[in-house]
Amino acid sequence: MNNGIKQAMHTIEIPEELSKRSKLGISQAKQEQKKGKRVKGLGIAVALFVSIGTFTLLNNPTTNHSPTPIVTEEGAVHLPAITLPEENSVADMIGLIVYNGNIYTQTRTEIDVEAIEGLIGEKLGITKGTIDEWSKQEAYDEEFASTIGVADVYSVNGYDKEFRIMTYREQDGEMHAEFYEHLNGITIKSGEDIFGKLKLKGNIASAYYRTFNDWDNDMDHHQPITDMDTVTTFVTELYHAKPLSRTEESDPIGHSRSDEQFRELSLKLNDGTIVRLTLLKGGYIYYGFMNAYFKMEEDDFSKLWATLN
């Protein structure tokens with residue numbers, strides 16, 4: 001891997017998190033299941049040690065392989081559909097599934113074990129583990145091609161399958177599930193185009209947060225948020241947040257890796273899903289693995305930020 005790519009991977013949030021998840025792998029998943037916590041997903045152990053192709057394509061705004069976001073005259077941000085780069089290198093690859101002509105990727109939303117059965121919808125098909133670092137572009141055109149091996153794929157009750165699908169399996173009497181979301185080949189006009197699909201408004205059961213150091217070291221030091229009125233107001237304003245394009249020149253995450261600047265906000269919904277948002281001081285919000293983030297008015301954002309200390 002050349003030095004330019006190495007340097008770029010250290011300047012953004014996503015590669016670090018995915019690397020962390022892949023290293024933890026099966027061991028962490030088993031530990032969390034024994035503690036009765038959420039299931040982090042089917043794809044952790046089997047999907048992440050593949051290639052830099054789609055990995056940097058999704059997450060690295062400084063490389064030629066990234067699908068450059070397009071800002072429209074109206075101020076919307078268009079995220080081009082994922083395509084395979086012409087030249088592949090060796091590194092990590094995000095988990096993905098091809099369904100209905102679109103590419104669905106791993107997400108920042110997790111599932112409580114107790115909620116899995118209620119979320120499983122109709123069976124859509126079975127993935128094929130046909131995408132790796134040697135794949136040609138044609139591999140992305142095959143229905144249910146994936147980087148995660150073989151898994152049953154379902155729709156998700158309460159959510160549009162054009163946005164979200166899930167994998168599910170049972171092993172040794174335990175349930176394993178993971179969401180995949182279609183966050184490319186779309187145009188974002190406001191926060192509602194993403195957070196509305198997550199069904200956040202009027203649906204928050206509880207909320208908690210952790211600092212950068214705890215997130216970075218995968219420490220389970222989540223602090224509960226008791227002021228739910230402030231959370232409710234924040235979620236309402238999320239729907240009006242302005243989308244911004246992640247580029248090398250404009251991406252505050254690269255300068256905000258500290259406890260003073262960074263919070264991970266977790267919103268547990270009534271259906272048992274847990275939405276993870278990255279908040280940066282100044283009003284910036286990140287969700288998922290895409291080349292866009294959101295800016296909220298400072299006055300609205302600061303009310304919640306004040307409760308996260």
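The values are calculated or read from the model by the stated rules, or taken from the named source; none is laboratory data. Only a predicted model underlies this, so the values are computations on that prediction, with no experimental measurement involved. Note: ideal-geometry Cβ built from the backbone for every residue, glycine included; neighbour counts use all protein chains shown. The accessibility values were calculated without ligands, DNA or RNA, using every heavy atom of the protein model including side chains. Shrake-Rupley method; radii C 1.70, N 1.55, O 1.52, S 1.80 Å.
Details
- Among residues that are open to solvent by 10 Å² or more (accessible area, probe 1.4 Å) and at pLDDT 95 or above, residue 270 is included.
- Residue 289 vs. criteria at pLDDT below 95, more than 19 Å from residue 258 (Cα to Cα) and of a type in the set (Phe, Trp, Tyr): yes
- Residues of segment 284-308 that turn out to be buried (at least 16 other Cβ atoms within 10 Å of the Cβ), closer than 17 Å to residue 252 by Cα and either out of contact with any Lys or Arg (no Cβ under 7 Å at 6 or more places or on another chain) or of a type in the set (D, E, K, R) (or both), as a count: 7
- Filter result for residue 257 (touching a Phe, Trp or Tyr at 6+ places or on another chain (Cβ under 9 Å), open to solvent by less than 60 Å² (accessible area, probe 1.4 Å), among the charged types (D, E, K, R) and farther than 17 Å from residue 110 by Cα): no
- Failed item, numbered, when residue 230 is tested on (1) over 16 Å from residue 307 (Cα atoms); (2) touching a residue at least 40 places away in the same chain (Cβ under 8 Å): (1)
- Residue list for segment 137-195, filter: among the basic types (Lys, Arg) and either over 20 Å from residue 81 (Cα atoms) or surrounded by 20 or more Cβ atoms within 10 Å (Cβ to Cβ) (or both): 164, 169
- Highlighted here are the strands (runs of 3 or more DSSP E) found entirely within segment 228-307 that include at least 2 residues which are charged (D, E, K, R): 262-269.
- Residue count, segment 67-87 (criterion: modelled with pLDDT under 85, open to solvent by 30 Å² or more (accessible area, probe 1.4 Å) and β-branched (Val, Ile, Thr)): 1
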